[in-house]
Amino acid sequence: MAKLRLEITKGEEIRYISHLDYASAMERAIIRAKLPVAYSEGFNPHMKISFASALAVGVTSQAEYIDIECKEEIDVNQAVEHLKASLPMGIRIKGAAYMQGNVPALMAIVNLATYEITVPLLAEDIGIIEDSIRWFNEAEAVLYTRESPKGKKEIEIKQYMAKPITLTALDKAVRLILEIQITPTGSIKPGEVLGALVAMFDLPVDIDNLLIHRTGLYISNANRQVSPVEL
Amino acid sequence: MITLDPAMLNRVIKPARYTGNEWNSIKKDHDTVSVTVALSLPDVYEVGMSNLGLKILYQILNNREDTAAERVYAPWVDMEAEMRERNIPLYTLESLKPVREFDIVGFSLQYEMSYSNVLNMLDLAGIPLFTAERDEHMPIIIGGGPCTFNAEPVADFFDCLVLGEGEEVMEDIIAAVSSWKKAGKINGRSGILKSLAQIGGVYVPSLYDVTYHENGMVAEVLPNCPEVPLVVTKRVVKDLNKVEYATRPIVPFLDIVHDRIMLELFRGCTRGCRFCQAGVLYRPVRERRPELLLKMAKEMVDSTGYNEISLTSLSSADYSCLPDLVDSLMGELKEQGVSVSLPSLRIDSFSIDLAQKVQQVRKSGLTFAPEAGSQRMRDVINKGVTQKNLEDAVSAAFQAGWSTVKLYFMMGLPTETDEDVLGIADLAYKVLDLYKEIKGRRGAKVTVSVSCFVPKPHTPFQWFGQDLANEFERKQQLLKARLRDRSITFNWHDARTSFLEGAFARGDRRLGQVLLKAWQNGARFDGWSEYFKYDVWMDAFKTCEIDPYFYATRHRDFDEVMPWDHLSSGASKQFLQREYEQAVTEELTCDCRREHCSACGVCPGLGVEVLDWGSRA
């Protein structure tokens, strides 16, 4: 058994597919590439692959990670070449390495995600924007009501914010940079942070037109911050 | 090229329906081709993407260097609203170009209830609805699929309709359109329509006039120009081993209806069930060679990455080399984790052996289609299955470890009595009893699905009146009262949808105005129960002063001119009438490929032979 870890993208071309569909697109690419992937035993065998963190519909990413368990270790470059030829538009491979020994699952180790949110402005004056971001950053706690098919749930957002939000002004739009912690007990989505900014801090943006891009997923502690392929 | 606003895509459900970029989709530069084709099925993406015919045409057309074929499906109601609000015209998934800029738009007409979506899509595309209103700058609107064998209700909206198999005829159409364009569109729109009408299997409705008797029946349908044939006969591919197949189908990102490899073993079916339109339209039986099928299957696994192959044909268990084919498929592909499934089973123990073989890993439910509850009724429809066949098959299935069985039936079949209807319940209980006998305990789950029979053109039952909707509902209640066992799930179809389907299935050109009216008043996605608006349809009939019962529930005489008599499937009217008469007297007709020819007229008429490799071995 060999665990091949890949750093891949979810590009503009497939922005609107769900995480589940992204995963099955990878599965089919792996079959097309004829990688010696391992399957689970049992009545309904499935491919032994796993992802770090799910990405919502409408979100692109330059830093997705996937572990592929292989029955045998084949040359990394060769595996990457075969896979590249089988990937649909929007998925590129940025890095690849075999993980040595018994490494913990991606899902269990990744604890920080960074995002860029680009959203059109509804106000001329950048000062208003700066004010609401500052108020958010200075707030002790921000309670946000998450609505899901299962019902409503109140979540405190600030506990997940690893750093204050920073801001870049673009032409008629604004770009926010977010660092969000992923904890064993949960996390917050970047879209939800923007939702709170608009609803509670009067951020004057056209939230319907937001575009979210994940810029990184990290394993972070007091000493260092590394990406899963840098382990 | 259309720009898709994130605000729009963020708001609709399943936005990936509208963004393309799937594996194996083909993007060509329109400046490098001479003909552009938008292929469409007038339903939502997941349904449209599952259609095998369109997959085949997509590959055949894109194999031509001079042609770009792209896809477009009906936007779901939420997306339609967004598009209308933003003035975004209907566009194709490959180039995101407006459909109205294409040379040809081809609609696959699988089902009468999708007609309102055709009008809606034309309107969204900014294409005039009526063929008479389109000039030579507008696309040529072509229909294909089973409904074209009586597309009279949509005749005014289509420039031409293609009868039969599309592989070869589409190439002829592309060649004609290409040379017409190169010659500077000589004689405009009527020039190209006249030349298309001379291609075998192509019906140009505007070149035919319909006259009616005072009692409302069709008097005659005659060409209004000398260049076109009196009767248009369907196209068939003589040897399926010699035409291109969809070996590189598009792999969607979304979970579609049939999300697997479709391996078409053969076309046609000679069982001769008298209600079945497909059995007539796709005659004769033409099998692919097993070695070619195996090669195709391997190619498709490699090109798609799918891990499931479905053996799709009208009655896959009838493929003459099936056991060997299944063995070789499983032998060659098991290593890659590919499973094989048989969607339709014949009711005998041979099928159970096969089902057991292909479902070694997971035992999902088994599905059988006895179609009718009583032996008398099954003889009327020529199902050729006995009570004993069914009992043996179900017993074999239970012995092999299955416990879930799904049974498909129809109600409203010609000559049906309440006793026949209640026979459905008896059969369901018999299945439960068999389980108890075999296993010594209860525990079987039976699903009984009963649809409302719709008489279709080109079948022996085309002369029969359909049951009234309230008669269907009465029979449904009758059966429901009898099926009061928790182990039995009873599903039935909406009788009013079937009534409308019945009116359009045997309708004539006058129904075009009803369709237009209903669409104007909001009808679309009529096949989807949540959007079916019965009252809108009935109002449209009333406004147009057209009686839907005249089409759906009226019995016809043999000498009546049918609105589709100028459209031929190859099967003669004499054959259909003979089958009708045998139905009434409960006489069976044998399978012409295993026993003797039943003289339907298809083979000699079309110059095509039955191809059955098993019988030649």
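Have a look at B:218, B:257, B:228 and point out the one that is away from chain A (no Cβ under 14 Å), of a type in the set (A, V, I, L, M, F, W, C) and free of Cβ contacts under 8 Å to residues at least 40 places away in the same chain.
Selected residue: B:228, the only one of B:218, B:257, B:228 that is away from chain A (no Cβ under 14 Å), of a type in the set (A, V, I, L, M, F, W, C) and free of Cβ contacts under 8 Å to residues at least 40 places away in the same chain.
Would you check if there is a residue in the range B:573-586 being touching a residue at least 40 places away in the same chain (Cβ under 8 Å), among the hydrophobic types (A, V, I, L, M, F, W, C) and surrounded by fewer than 14 Cβ atoms within 10 Å (Cβ to Cβ)? Looking for residues that are touching a residue at least 40 places away in the same chain (Cβ under 8 Å), among the hydrophobic types (A, V, I, L, M, F, W, C) and surrounded by fewer than 14 Cβ atoms within 10 Å (Cβ to Cβ), one finds at least one in the range B:573-586, hence yes. Of the residues that make up the range B:310-331, is at least one within 14 Å of another protein chain (Cβ to nearest Cβ), among the aliphatic types (A, V, I, L, M) and out of contact with any Asp or Glu (no Cβ under 7 Å at 6 or more places or on another chain)? No, that holds for no residue.
Specify the residue that is nearest to the other protein chains (Cβ to nearest Cβ); the eligible residues are those in the range A:181-225 that are more than 15 Å from residue A:107 (Cα to Cα) and assigned to a strand (DSSP E or B).
Step by step, filter the range A:181-225, then rank; the result is A:211.
Within the range B:542-567, the set of residues being aliphatic (A, V, I, L, M) and part of a loop (DSSP other than H, G, I, E, B) comprises B:546, B:562. The residue that is farthest from the other protein chains (Cβ to nearest Cβ), counting only those in the range B:274-295 that are assigned to a helix (DSSP H, G or I) and surrounded by fewer than 18 Cβ atoms within 10 Å (Cβ to Cβ), is B:278. For the range B:1-59, taking the residues that are part of a strand (DSSP E or B) and open to solvent by less than 30 Å² (accessible area, probe 1.4 Å), the one that is farthest from the other protein chains (Cβ to nearest Cβ) is identified as B:35. All of (1) free of Cβ contacts under 8 Å to residues at least 60 places away in the same chain; (2) open to solvent by 30 Å² or more (accessible area, probe 1.4 Å); (3) among the charged types (D, E, K, R) hold for residue B:420 with one exception: (2).
Each residue in the range B:511-555 was checked for being of a type in the set (Ser, Thr, Tyr) and open to solvent by less than 60 Å² (accessible area, probe 1.4 Å), and 3 pass. Of everything in the range A:49-90 that is charged (D, E, K, R) and part of a strand (DSSP E or B), the residue that is surrounded by the most Cβ atoms within 10 Å (Cβ to Cβ) is A:64. Which one is least open to solvent (accessible area, probe 1.4 Å), of the residues in the range A:6-48 that are outside any strand (DSSP E or B), touching a His at 6+ places or on another chain (Cβ under 8 Å) and facing another protein chain (nearest Cβ under 10 Å)? Only one residue tops the list, namely A:33. Across the range B:231-254, the number of residues qualifying as within 14 Å of chain A (Cβ to nearest Cβ) and open to solvent by 20 Å² or more (accessible area, probe 1.4 Å) comes to 1. Assess whether residue B:184 counts as being part of a loop (DSSP other than H, G, I, E, B) and over 22 Å from residue B:125 (Cα atoms). Considered against the rule, which asks whether it is part of a loop (DSSP other than H, G, I, E, B) and over 22 Å from residue B:125 (Cα atoms), residue B:184 comes out as yes.
Condition check: among the hydrophobic types (A, V, I, L, M, F, W, C) and assigned to a strand (DSSP E or B). Does residue A:133 satisfy that?
no
The values are calculated or read from the model by the stated rules, or taken from the named source; none is laboratory data. Please read all numbers here as calculations on a predicted model, not as lab measurements. Neighbour counts run over all protein chains shown; Cβ positions are idealised from the backbone, glycine included. Accessible surface areas use protein heavy atoms only, side chains included; no ligands, DNA or RNA. Shrake-Rupley method; radii C 1.70, N 1.55, O 1.52, S 1.80 Å.
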